[in-house]
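Colleague: First the structure, then my questions, so here it is.
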Amino acid sequence: MIGFPILSLITFLPILGMFLIMFMKKEQSKSIKYLTLGITALQIVLALVLLASYNYSAGGIYEEKSFQFIEKFKWINISGISWLGNIKIDYFMGIDGLSMPMVLLTALVSFVAALSSWNIEKSVKGYFALFLLLDAGMMGVFVSLDFFLFYIFWELMLLPMYFLIGIWGGPRKEYAAIKFFIYTLFGSVFILLVMIGLYFSATELMADGSRVHTFSMIALMNPANYSADGILSALNPDNLRLIAYIALFAGFAIKIPMFPFHTWLPDAHVEAPTPISVILAGVLLKMGTYGILRISYPIFPDITRDLMWYIALFGMVNIIYGALVALAQKDFKKLIAYSSVSHMGYVLLGMASLTTVGINGAIFQMFNHGTITAMLFLIVGVVYDRTHTRGLNDFGGLASQMPVYTGFVTVAFFAAIGLPSMSGFVSEALVFIGAFGVDSLRVLTIISTLGILLGAAYMLWTLQRIFFGPLNEKWASLKDLDAREYAMFIPLTIIIIFLGVYPSAMLNIMNSSVNSLVHFVTTTVSTTSLGGL
Amino acid sequence: MMENTNLYHSLSLILPEIVISVALIVLVLADLIFHKDKKYIPYIALVSILVAGYYTLIQYGTSGSAFLTSGKNTISLGMFAADSFSIFFKMIVLVSTLFIVFFSFSSEEIIKIKDRIGEYYALIFGMVLGMFFMISATDLILIYLSMELMSLSSYVLSGFTKLRERNSEAALKYLLYGAVSSGLMLFGISLVYGLTGSTNLYAINALIQSPEINLFTLAFACILIFAGIGYKISSAPFHFWTPDVYEGAPITITAFLSVASKAAGFALLIRFIKTTFVSYIDPLGMWHLLNVFDWRSMLVAISILTMTLGNFSALWQNNMKRMLAYSSIAHAGYLLLGLVVLSNQGILAILIYFSVYLVMNLGAFLVVMLIANKTGSEDIDDYDGLGHTSPFLGISLAIFLVSLTGLPPTAGFIGKLYLFVALVDAQMIVVAVIALLNSVVSLYYYVRVLKHMFLTKSVDETPVVSVSIPNIILVSSLVFVILLFGVYFTPLVDAAQSCLVILGL
């Protein structure tokens, strides 16, 4: 273990940076940019330190002692009057195989996004302050183990995101920003309600033998902690667990975004500046699926088992619908946005299988989608910076003008299609293997494989329209990539290919946690007390 | 001899009120004596507030009932209750008065009437005195008198500056609506007196359990009395005056009305229901009402109606003060939710929400005032680009509005959280869902202000609003409190928990 509170550091470092930026002068835009880049780089270093001392065999999920780098302090402790009971909220952070890949992804994507923010010229100070606040919120979501803390971080991201889209975005930025804000707030009020309901339904055993209500996710997972009269307790015959599950799921599904809650995504993506699109697709969307795996699955294992077919159905709809709509797009960025909808469908499908292979695939797909889509949005950004258009039919023959760029684009596109030797292939294959193995999901899985075909169609067609064919004379003087752009693309490309060739590097991190998650979700019987779990 | 100790005891319990009364007289005299140079008058007000605050705080821990009715029957509780619940609300009133005095120092509107500043503060103290008695009143006559004292002062104050036509319109509207509602309330009081033969709430509590009471008449009287109080807390359907008065009144008075008079109204409503209608409180803190009038159903309906009307009307407003008026109506709806659950936990939620609401609402009004001082306008359209030219005010207003929406990590979230906790604990899930959806609606109009400040480019040159050092300190301290209680709310909840004692039972 490491001798300092590394998770707090990695989370609050950006906030520190934000305060530093607020005290810097407007004119020091270069130093503000370097400061942000430095902080995100430091986050990568910290994430690598985490990885270096990470214990691959610890399961996590429902067992507090097998979480790593735990930081647990009393945060709010109000010794109440008898009828109110104690109100106890812990500052509780820790990571396991579910959060470790997400922490790595957040650090990486933030760094790349900071690099790609280099040509922001408007209100630099405000931009980078908000950027760092957003970064802190994302990191906090992935390391929190107390539901209350999780919720605070979850909501913390809304405001910076609103401003980042709304101030630095495209022509319809105001509409896109408020749509994003209202949609996600709509989702999160349901999360809040379920959180309060859970709080009243379960208690945690304290060291002194007393039982107090709790927001600790781990305590909420243990069926033995629920009292018989709690509204979300399985012991209560009139419980509202199914409704609560659906409400919670909807709250997370809006972030994924799952069909039919996806309509904010194309707007937000098209209007957001490139780095924010990168963060949105690279990290924010994963919070939805992460929330489901971290909270919905282990806290409501009974309902999860009942509803797995429906989750898979929504996954299938996402895959096919996203791909079909992507096929019809004329705007490069919108196409990538809808491809995100399609690719997040694979995550849902893999999760729904409730098998180790499928969930491994789902989490791996979350990571891979993060890197690949980040790269795709950077690609759009590069060409948009130079030409100020994103119309797919405005281009043609760019391959001869920008050969290196075309090379990177090809890698990213093939990875998105799921070509073997690229990381996307491995995760999609695992998802399909996992889902196909479950009898009830077989038909859905077979239909979902069509998504790969459609994916190949829209990606290759795009490749052809932009890069091949006769050169559009308008773009005869386009420059190829510069050093900063190399610095954005190279690490992502390396990771995509490396994980395609050697997926175990990532799979090993998550494997034991996925095993314990699957074991927990498939075997936990919520109606009887399981004392020892 | 008995009479004397009773009087001494009673007087010792109303020391804060005595201080306010003395201050009121001193202010009037000072206005006459220093009629050339009135710059000391605000300081007299400040000192009086601090002294009153001191006498209020030292009451903590002692609770008692003043001006007892003679002990003919077994109930010997008086017409004025001094308990920690009243201390809490009196402190809310005093703190907001303190801020209003600070606001008045730099408000252009108030500076323009500086030769009448003595009357201005005297009237404010008249309001405060009325509020103090409202908060503690346990007798229908005292309730009515204190409400009238507060109302009459506020009618004058809302038209006090006479700088715009709107001022007089506001005052007149306020007066007309006020007269009607207080007439209704008086009718309700007379019905209750006719039914029970007493004006003392404790006595009424014992008497209305008798089977001879005509429940229909009693229900009618309750609704009429609620009309009077509902008018003060601007709950639907008695809220129509609010937007016009808030828009027309000087901004310091608007801020004062939105916090202090609402606090007094809520304190009165809570005490009225608690003392008159509760039969017993079980160990879990749930109130069990006498089976004479279904307060819960009525309050649920009114609360939902109030917040929904407030939020949806606020969506269309272009004037900042009008928008905040509708937002304050919506907040009255949220606050009523705490009463709907009829439990100590609900009251706790109200106390927490009120402390938070005080800070964030006053903060929002302060920033609006500072901007209006410079631009002379309260139109939201005139806020275009202000966030870039005046980042300090922009960011502060953003934090206040986010807190009013109820998003973490601001204190507004904690206020909402406790309300929803109380609702879920009482298993009123549907009401909680409606309230939560309401707060999603409210996001739209609060964020619209942010949109104008930060997203929209101004057509003309955006003015730079410079802020003086005292105002920077004032605004930052409010922002600090909002953010501090957003992440560490133990002291707030502890304070509120220790102030839950309502005299009686």
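The values are calculated or read from the model by the stated rules, or taken from the named source; none is laboratory data. Predicted, not measured: the structure shown is a model, and the values here were computed from it. When we count neighbours, we look across all protein chains shown, and the Cβ atoms used for this are built from the backbone with ideal geometry, even at glycine. All accessible areas refer to the heavy atoms of the entire protein, side chains included, with ligands and DNA or RNA removed. Shrake-Rupley method; radii C 1.70, N 1.55, O 1.52, S 1.80 Å.
Colleague: Filtering segment B:424-451 down to residues that are open to solvent by less than 20 Å² (accessible area, probe 1.4 Å) and not hydrophobic (A, V, I, L, M, F, W, C), which residue is farthest from A:LYS122 (Cα to Cα)?
Modeller: Checked segment B:424-451; the qualifying residue farthest from A:LYS122 (Cα to Cα) is B:ASN438.
Colleague: What is the residue count in segment A:227-245 for residues that are out of contact with any Gly (no Cβ under 9 Å at 6 or more places or on another chain) and either within 12 Å of chain B (Cβ to nearest Cβ) or touching a residue at least 60 places away in the same chain (Cβ under 8 Å) (or both)?
Modeller: Kept after step one, since they are out of contact with any Gly (no Cβ under 9 Å at 6 or more places or on another chain), are these residues of segment A:227-245: A:227-229, A:233-235, A:237-238, A:241-243, A:245.
Narrowing the set further to residues that are either within 12 Å of chain B (Cβ to nearest Cβ) or touching a residue at least 60 places away in the same chain (Cβ under 8 Å) (or both) leaves A:229, A:234-235, A:238, A:241-243, A:245.
The qualifying residues number 8.
Colleague: Right, next: In this structure, does B:LEU152 turn out to be open to solvent by 40 Å² or more (accessible area, probe 1.4 Å), touching a residue at least 12 places away in the same chain (Cβ under 8 Å), not polar (S, T, N, Q) and not in a helix (DSSP H, G or I)? Full working, then the answer.
Modeller: Working: open to solvent by 40 Å² or more (accessible area, probe 1.4 Å): yes; touching a residue at least 12 places away in the same chain (Cβ under 8 Å): yes; not polar (S, T, N, Q): yes; not in a helix (DSSP H, G or I): no.
Criteria not met by B:LEU152.
Colleague: Condition first: among the β-branched types (Val, Ile, Thr) and open to solvent by 50 Å² or more (accessible area, probe 1.4 Å). Now tell me which residues in segment B:463-492 satisfy that. Talk me through it step by step, then tell me what you get.
Modeller: Quick first cut of segment B:463-492, residues among the β-branched types (Val, Ile, Thr) only: B:464-465, B:467, B:469, B:472-473, B:475, B:479, B:481-482, B:487, B:490.
B:VAL464, B:ILE469, B:ILE472, B:ILE473, B:VAL487, listed by residue number.
Colleague: How many residues does segment B:321-361 contain that are modelled with pLDDT of 90 or more, among the polar types (S, T, N, Q) and open to solvent by less than 10 Å² (accessible area, probe 1.4 Å)?
Modeller: 3
Colleague: When you go through B:PHE220, B:PHE226 one by one, which is the residue that is surrounded by fewer than 22 Cβ atoms within 10 Å (Cβ to Cβ) and under 30 Å from B:THR308 (Cα atoms)? It would help to see each step written out before you state the result.
Modeller: Details: B:PHE226 fails: surrounded by fewer than 22 Cβ atoms within 10 Å (Cβ to Cβ).
None of the other options fit; the residue is B:PHE220.
Colleague: Looking for whichever is closer than 19 Å to A:ALA412 by Cβ, surrounded by 24 or more Cβ atoms within 10 Å (Cβ to Cβ) and over 16 Å from the mean Cα position of the chain (by Cα) here; the options are A:ALA352, A:ALA323, A:ALA337, A:ALA312. Which one fits? Before the answer, list the steps.
Modeller: Numbers: A:ALA352 fails: closer than 19 Å to A:ALA412 by Cβ; A:ALA337 fails: over 16 Å from the mean Cα position of the chain (by Cα); A:ALA312 fails: closer than 19 Å to A:ALA412 by Cβ.
Matching residue, one of A:ALA352, A:ALA323, A:ALA337, A:ALA312: A:ALA323.
Colleague: Restricting to segment A:282-307, give me the number of residues that are over 21 Å from A:VAL143 (Cβ atoms) and in a helix (DSSP H, G or I).
Modeller: The first filter runs over segment A:282-307 and keeps only residues over 21 Å from A:VAL143 (Cβ atoms), leaving A:300-307.
Checking the rest, the ones that are also in a helix (DSSP H, G or I) come to A:301-307.
Residues that pass the stated criteria total 7.
Colleague: With touching a helix residue (DSSP H, G or I) at 6+ places or on another chain (Cβ under 8 Å), among the hydrophobic types (A, V, I, L, M, F, W, C), part of a helix (DSSP H, G or I) and more than 19 Å from B:ILE20 (Cβ to Cβ) as the only criterion, which of B:PHE103, B:PHE125 stands out?
Modeller: Numbers: B:PHE125 fails: more than 19 Å from B:ILE20 (Cβ to Cβ).
The match here is B:PHE103.
Colleague: Out of all the residues in segment A:176-191, which are closer than 29 Å to A:LEU220 by Cα, open to solvent by 10 Å² or more (accessible area, probe 1.4 Å) and more than 7 Å from every other protein chain (Cβ to nearest Cβ)?
Modeller: Once the filter is applied, which keeps residues that are closer than 29 Å to A:LEU220 by Cα, open to solvent by 10 Å² or more (accessible area, probe 1.4 Å) and more than 7 Å from every other protein chain (Cβ to nearest Cβ), segment A:176-191 yields A:TYR183, A:PHE190.
Colleague: While we're on this one: In the list A:SER66, A:SER53, which residue meets the criterion of being surrounded by 14 or more Cβ atoms within 10 Å (Cβ to Cβ), among the small types (Gly, Ala, Ser) and at pLDDT 80 or above? It would help to see each step written out before you state the result.
Modeller: Values: A:SER53 fails: surrounded by 14 or more Cβ atoms within 10 Å (Cβ to Cβ).
Residue meeting the stated conditions: A:SER66.
Colleague: Just the residues that are open to solvent by less than 70 Å² (accessible area, probe 1.4 Å) and either more than 19 Å from B:ASN319 (Cβ to Cβ) or in a helix (DSSP H, G or I) (or both), please, taken from segment B:157-174.
Modeller: Kept after step one, since they are open to solvent by less than 70 Å² (accessible area, probe 1.4 Å), are these residues of segment B:157-174: B:157-161, B:167-168, B:170-171, B:173-174.
Correct list: B:LEU157, B:SER158, B:PHE160, B:ASN167, B:SER168, B:ALA170, B:ALA171, B:LYS173, B:TYR174.
One line per residue, one yes/no per condition, for (1) more than 16 Å from the chain's Cα centre (by Cα); (2) of a type in the set (A, V, I, L, M, F, W, C):
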residue: B:SER96; (1), (2): no, no
residue: B:ILE100; (1), (2): no, yes
residue: B:SER104; (1), (2): yes, no
residue: B:TYR120; (1), (2): yes, no
residue: B:PHE125; (1), (2): no, yes
residue: B:MET131; (1), (2): no, yes
residue: B:TYR177; (1), (2): yes, no
residue: B:GLY183; (1), (2): yes, no
residue: B:TYR202; (1), (2): yes, no
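Colleague: If you don't mind, another one. Please go through (1) within 9 Å of another protein chain (Cβ to nearest Cβ); (2) under 22 Å from A:MET22 (Cα atoms); (3) in a helix (DSSP H, G or I); (4) open to solvent by 10 Å² or more (accessible area, probe 1.4 Å) for B:ILE399 and return the number of the only condition it doesn't satisfy.
Modeller: (1)
Colleague: Another question, if that's okay. Identify all residues within segment A:146-175 that are acidic (Asp, Glu), buried (at least 21 other Cβ atoms within 10 Å of the Cβ) and at the interface with chain B (Cβ under 10 Å from one of its Cβ atoms); write none if there are none. Show your work before the answer.
Modeller: As a first pass, look at segment A:146-175 and keep what is acidic (Asp, Glu): A:146, A:155, A:174.
Then keep just the ones that are buried (at least 21 other Cβ atoms within 10 Å of the Cβ); that gives A:146, A:155.
Hit for segment A:146-175 is A:GLU155, nothing else.
Colleague: All but one of (1) open to solvent by less than 20 Å² (accessible area, probe 1.4 Å); (2) within 21 Å of the chain's Cα centre (by Cα); (3) within 10 Å of another protein chain (Cβ to nearest Cβ) hold for B:ILE502; which doesn't?
Modeller: (3)
Colleague: Moving on to the next point. How many of the residues in segment A:326-374 are outside any helix (DSSP H, G or I) and not basic (Lys, Arg)?
Modeller: 6
Colleague: Additional query: Under the condition of being among the β-branched types (Val, Ile, Thr) and without any contact (Cβ under 8 Å) to a residue 12 or more places away in the chain, which residue from segment B:23-52 is nearest to B:THR97 (Cα to Cα)?
Modeller: Within segment B:23-52, the first condition is being among the β-branched types (Val, Ile, Thr), and the residues that meet it are B:25-26, B:28, B:33, B:41, B:44, B:47, B:49, B:51.
Within this subset, residues satisfying the condition of being without any contact (Cβ under 8 Å) to a residue 12 or more places away in the chain are B:25, B:33, B:47.
Numbers: B:ILE25: 17, B:ILE33: 24, B:VAL47: 12 Å.
Here the residue is B:VAL47.
Colleague: Further question on the same structure: Check segment A:117-131 and report whether any residue there is open to solvent by 10 Å² or more (accessible area, probe 1.4 Å) and touching an Asp or Glu at 6+ places or on another chain (Cβ under 9 Å).
Modeller: Looking for residues that are open to solvent by 10 Å² or more (accessible area, probe 1.4 Å) and touching an Asp or Glu at 6+ places or on another chain (Cβ under 9 Å), one finds at least one in segment A:117-131, hence yes.
Colleague: Can you tell me how many residues in segment B:426-451 are more than 10 Å from chain A (Cβ to nearest Cβ) and over 26 Å from the mean Cα position of the chain (by Cα)?
Modeller: 1
Colleague: Does A:LEU48 satisfy the condition of being open to solvent by 10 Å² or more (accessible area, probe 1.4 Å) and touching a Leu at 6+ places or on another chain (Cβ under 9 Å)? Explain how you work it out, then say what you get.
Modeller: Details: open to solvent by 10 Å² or more (accessible area, probe 1.4 Å): yes; touching a Leu at 6+ places or on another chain (Cβ under 9 Å): yes.
Answer is yes for this residue.
Colleague: Still on this structure, I have one more. A:ALA202 fails exactly one of the following numbered conditions: (1) in contact (Cβ under 8 Å) with a residue 60 or more places away in the chain; (2) more than 11 Å from every other protein chain (Cβ to nearest Cβ); (3) crowded, with 24+ Cβ neighbours inside 10 Å. What is the number of that condition?
Modeller: (1)
Colleague: Still on this structure, I have one more. Restricting to segment B:402-414, what's the tally of residues that are more than 8 Å from chain A (Cβ to nearest Cβ), assigned to a loop (DSSP other than H, G, I, E, B) and at negative phi?
Modeller: 1
Colleague: Next question. If the requirement is being small (Gly, Ala, Ser) and over 20 Å from A:ASP90 (Cβ atoms), which of these qualifies: A:ALA253, A:ALA224?
Modeller: Details: A:ALA224 fails: over 20 Å from A:ASP90 (Cβ atoms).
Just one listed residue meets the conditions, A:ALA253.
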